[in-house]
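Student: Below: one structure in structure tokens.
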């Protein structure tokens, strides 16, 4: 007879195969029920915070990655607006970024107000919350936007099968349903074939979250037929050229490389060079359009080693970079390489006045890497540099000591949204060490943020009221 230890682990080890499967199924049901309740609570949190309660309504703002600056609502027409700054409190309590919290609230409102059948199925346990959220994401950002009636029509079509099909089938069904609705509501007085152009499917999208450990990213596009054929011919020619030059890479790899070569040498849109002679490199080819990447490698014995070889860190999207890959980039005759001196991240640099010199700005960016708000991952290079203790512009004139000097220890990167949050709400933070910050929310929750990430420091007392905002 074999004795087992008492406790939950022993109980699981004693289960038969059938009982173990039943336990797994029960755990999944509990998980789905918890996710459904979280959606409901997120919607209730939004109900408590109309825009007039904490400044303006929450929106998604384009990060400028494609040269655009525009705002999109977090949920579709017919959903109540939500105060933008209530988002951060919910996100930090859940341990997610403000963007993820904004998306959670938007999905909850979209489902409750515009997709009521799916909302009911989620809370009845018939459709997992994550599946319903994929539908909500599609209806929120449909182009052109869906009216309340249109969203209800999509809800009716999709809810009938949402709990019985796989994720890929559901995505296709939602997209086709939205497209069909747009076509059905198109102006009947126009040529019917114009309806296919009413929903423009063209796009070129970098899937930056889908990164392979070999150092590659996926790029998807849907092109005009003529553009697609031209691109295919250009890639075929580029792949053949690479092979003729001695490349032993497979055809698909050479086509991929040819696409990168097109990106580096494309000059057709450089309108500012019209009427002048384009600059050329030593080999006679056009100089590549500049793309700046910041790669950091530890030359000490503590450098990161992976199965692919020596690995460093790229600031752009916080990705790993292979040393051999960077060497390949640098070997291109049209690549400009700049090696900057090592920066002491612990040195206390100072500057007179309010303006932050480049040397201090670079040190702060290198030290903190990202926005220092809890769970925010916006790269520091794209952030504002904030005086933690505000700079007093009247101190010198009035003969007082400057409370917020421009020194390394009083500066921190914050993305524009969290900078505004800190300035206009009850969120407060302080420096407790080099690159270490402790934040306190309006409801009294505390968090520590450093280079390793975010730690929940303490929670508010049960039932405590938030402090008065200054």
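The values are calculated or read from the model by the stated rules, or taken from the named source; none is laboratory data. These numbers were taken from a predicted model, which means no experiment stands behind them. Reconstructed Cβ throughout: ideal geometry from the backbone, glycine too, with neighbour counts over all protein chains shown.
Student: Let me confirm something: among 82, 174, 165, which residue is outside the structural domain of residue 375 (by TED's automatic domain parsing) and more than 26 Å from the chain's Cα centre (by Cα)?
Tutor: Numbers: 82 fails: more than 26 Å from the chain's Cα centre (by Cα); 174 fails: more than 26 Å from the chain's Cα centre (by Cα).
Residue meeting the stated conditions: 165.
Student: I'm checking my understanding of the structure. Among residues of the stretch 1-58 that are modelled with pLDDT under 65 and in the same structural domain as residue 80 (by TED's automatic domain parsing), which one is surrounded by the fewest Cβ atoms within 10 Å (Cβ to Cβ)? Walk me through it before giving the result.
Tutor: Keep residues of the stretch 1-58 that are modelled with pLDDT under 65, which gives 1-12, 53-55.
Filter once more, keeping what is in the same structural domain as residue 80 (by TED's automatic domain parsing): 53-55.
Values: 53: 11, 54: 23, 55: 15.
By that ranking, first place goes to 53.
Student: Follow-up. I need the full set of residues from the stretch 21-48 which are closer than 16 Å to residue 126 by Cα and free of Cβ contacts under 8 Å to residues at least 60 places away in the same chain, in order please.
Tutor: Passing the criteria: 25, 26, 27, 28, 30, 31, 34, 37.
Student: Need the failing condition index for residue 372 against (1) more than 15 Å from residue 434 (Cα to Cα); (2) outside any helix (DSSP H, G or I); (3) at pLDDT 70 or above, just the number.
Tutor: All conditions are met except number (1).
This table checks each residue for (1) at pLDDT 60 or above; (2) surrounded by 12 or more Cβ atoms within 10 Å (Cβ to Cβ); (3) assigned to a loop (DSSP other than H, G, I, E, B).
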site	(1), (2), (3)
229	yes, no, no
242	yes, yes, no
255	yes, yes, no
259	yes, yes, no
269	no, no, yes
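Student: Right, something else. Please enumerate the residues belonging to the stretch 390-423 that are exposed (fewer than 14 other Cβ atoms within 10 Å of the Cβ) and under 24 Å from residue 446 (Cβ atoms). Can you show your working first?
Tutor: Applying the first criterion (exposed (fewer than 14 other Cβ atoms within 10 Å of the Cβ)) to the stretch 390-423 yields 390, 393-394, 396-401, 403, 423.
Across the stretch 390-423, the qualifying residues are 390, 403, 423.
Student: Just the residues that are surrounded by fewer than 17 Cβ atoms within 10 Å (Cβ to Cβ) and closer than 23 Å to residue 346 by Cβ, please, taken from the stretch 371-383. If you could, list the steps in order and put the result at the bottom.
Tutor: Here is the first cut: in the stretch 371-383, the ones surrounded by fewer than 17 Cβ atoms within 10 Å (Cβ to Cβ) are 377, 381.
Across the stretch 371-383, the qualifying residue is only 381.
Student: Give the stretch 414-447 a look and list any residue that's without any contact (Cβ under 8 Å) to a residue 60 or more places away in the chain, part of a strand (DSSP E or B) and within 20 Å of residue 100 (Cβ to Cβ), or say none.
Tutor: Once the filter is applied, which keeps residues that are without any contact (Cβ under 8 Å) to a residue 60 or more places away in the chain, part of a strand (DSSP E or B) and within 20 Å of residue 100 (Cβ to Cβ), the stretch 414-447 yields only 414.
Student: If you don't mind, there's one more thing I want to ask. Under 8 Å between Cβ atoms, which residue pairs at least 6 apart in sequence (or on different chains) link something in the stretch 79-90 that is without any contact (Cβ under 8 Å) to a residue 24 or more places away in the chain with a partner that is in a helix (DSSP H, G or I) and surrounded by fewer than 23 Cβ atoms within 10 Å (Cβ to Cβ)?
Tutor: none
Student: Here's another thing I want to ask about it. Within the set of pairs 6+ apart or on separate chains, which have a first residue in the stretch 132-157 that is at positive phi, a second that is surrounded by fewer than 22 Cβ atoms within 10 Å (Cβ to Cβ) and in a helix (DSSP H, G or I), and C-beta atoms under 9 Å apart?
Tutor: none
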